[in-house]
Amino acid sequence: MSNRNPTIIDSDGKRQIASYYYPLIEPYDNGEDDYLEYAAVCMKLTGFDGVLFDYPGNTPVYDWKLLFDHTNALLPWLKKAGLNFGITYEDKALDNAFNLGIITNKVAEGNKVMRYMNTNYFSSSNYLKLNGKPVLLNFGPQGIFKDSEWNSVFSGIPAINFITLPYTISNYALTTSAAGEFAWVGETVNDNFYLHCSQYSICVGGAMPGFHDYYKEGGWGSGYTYYDDLGGELFDQTLQRSSNFQIDLLQVITWNDYGEGTIVEPTREFGYSRLEQIQSFLGVTYREAELALAVKLYQKRKEYKGKVLENEKLDQVFYYLVSLQIERAKTLLDEL
């Protein structure tokens, strides 16, 4: 954010980051292979089916290139781990680019982005599909609001399942372009959205551990509604609520949005507990002992950086972990 500098380290050895929470593996570059490997292993051991990327598209505005490159960097790791992926498109990028004079036509640019996604993502064997059609979530609409315009955005690509934020289909009359809606933070804490969403052909539920954003402290506005984690109870409640209704997908909010405090990846504050709650909900038998192997793999990558033999062994550890050969992975890690 605007007033945190991670190169500054305090007396406890912690870097300045725009968050109330701190990664268990220390702050990281989420485009770096060591981190991407670690994340893929954690997700696999937790029981996730895959990842939904918060994706700005390839419209050249603000920090799009960094986000674009880091999205693509994770894709091979997901494939190696046997995980799927989907896209949550931020059409706000179109609005930003238009207002800055970078583009002159939001619909034409949106169609260009869709054609790119169709060629490079939707056709992937591990892209998220429902009823044989790719699923595209939209964190909006925020840049394009008319049904006819969205249909023009999708012109020239095969049919997709377009899913928008809560209550937007009726608010913007997206009756022919959108197939359903997905829950976000506020919709996870009661039944209202689920009762509303049942009218659509696709309903995506959500579960979150809590919401404690750093925006005000970080100099980025006044912030949003705070949701206390209730010592883990809120996460259990929102997971359970999602299972009380007929939904097509369940999105966990979120893997690593530290700025909003919705992280489920391991942190100093919560340890592995949030991933363990998901494991329990899904009926996965692994817990901290197995998840800790992902951390150890990450740490060994740092320790043996540049050493060929050791990294070849760590490559094998990765494949053991994502193929759920846990004892073999542990034995090999212990030898290093």
Gaussian network model of the chain, Cα within-10 Å springs - most flexible of 221, 82, 50 = 221
Regarding region 140-288, what is the average projected area of its C-alpha convex hull, in nm²?
-> 10.7 nm²
Obtain the nm distance between the two label points defined at residue 257 and residue 284 by a simple spin-label model: each point lies 7 Å from its Cα along the Cα-to-C-beta direction.
-> 2.1 nm
Ranked packing of 107-114, 258-265, most packed first, by mean Cβ within 10 Å | 258-265, 107-114
As a percent rounded to 5, the proportion of antiparallel DSSP bridges among beta bridges in the chain is 20 percent
Mind checking which of 73, 183, 294 has the largest fluctuation in a GNM of the chain, springs on alpha carbons under 10 Å?
-> 73
For the chain, what is the calculated [θ] at 222 nm in deg cm²/dmol (nearest 500), taking -39500 (n - 2.57) for each run of four or more DSSP H residues and dividing by its residue count?
-> -12000 deg cm²/dmol
Please report, to two decimal places, log10 I(q)/I(0) for the chain at q = 0.10, 0.14 Å⁻¹ as given by the Debye formula with identical point scatterers on the Cα atoms and no solvent.
-> -0.64, -1.26
Going by C-beta contacts inside 10 Å, put 324, 24, 137 in order with the fewest on the left.
-> 324, 24, 137
Alpha-carbon centroids, region 122-174 and region 1-55: separation in whole Å = 29 Å
Equivalent ellipsoid, region 257-300 (semi-axes from 5 times Cα gyration tensor eigenvalues, Å) = 18, 16, 7
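Only the coordinates and a few stated rules stand behind these numbers; no lab work does. Worth saying up front: this structure is predicted, and the values here are computed from it rather than measured. All Cβ positions, glycine included, derive from the backbone under ideal geometry; neighbour counts span all protein chains shown.
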